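The values are calculated or read from the model by the stated rules, or taken from the named source; none is laboratory data. As the structure is a computational prediction, the values presented were derived from the model and not from experiment. All Cβ positions, glycine included, derive from the backbone under ideal geometry; neighbour counts span all protein chains shown.
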């Protein structure tokens, strides 16, 4: 596997944007290009996190190290996929293998419902390998391994219960 590549986005990382505003959100176009480069290069890439659908595992303002997809994808992993023109990083809660490929069932940890439809292998751009804050790795319990598989199984079985629990944690944290 090649060296780690960071995706440079103009106006990000504390550099003020023209016009005096602070850094704005990364565009979908930039995210798609970065993911395409990741797949082509076959090496890990660092991408910014947006949104709260995977909170507290992934938090806005942090970055994720994304490795290219392979056959090691398992329930509990966080897959980075392209769906309907959007780039999403959600937890794999179920995998259905068929022939040489597979379909995935995805869900954000704080979402009330599963993502619409299934995702096939061609839509998987990568798998989240690590979470970074200010360039340093951050330890997260539900990123990989046993705890992540446990959360995926719980979410698959009682998906509607995970979101209220996560929302309760968000409300407690803000107060």
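Kindly evaluate residue 58 against the criterion of being modelled with pLDDT under 90 and surrounded by 15 or more Cβ atoms within 10 Å (Cβ to Cβ). Judged against the criteria, residue 58 is not a match. When residue 82 is tested against (1) closer than 20 Å to residue 153 by Cβ; (2) in a strand (DSSP E or B); (3) at pLDDT below 85, just one condition goes unmet, and that condition is (1). Is there a residue being without any contact (Cβ under 8 Å) to a residue 40 or more places away in the chain, out of contact with any strand residue (DSSP E or B) (no Cβ under 6 Å at 6 or more places or on another chain) and outside any strand (DSSP E or B) anywhere in segment 85-98? The answer is no, given that none of the residues of segment 85-98 is without any contact (Cβ under 8 Å) to a residue 40 or more places away in the chain, out of contact with any strand residue (DSSP E or B) (no Cβ under 6 Å at 6 or more places or on another chain) and outside any strand (DSSP E or B). Across segment 100-108, a minimum of one residue is classified as in a loop (DSSP other than H, G, I, E, B) and in contact with a strand residue (DSSP E or B) (Cβ under 9 Å, 6 or more places away or on another chain).
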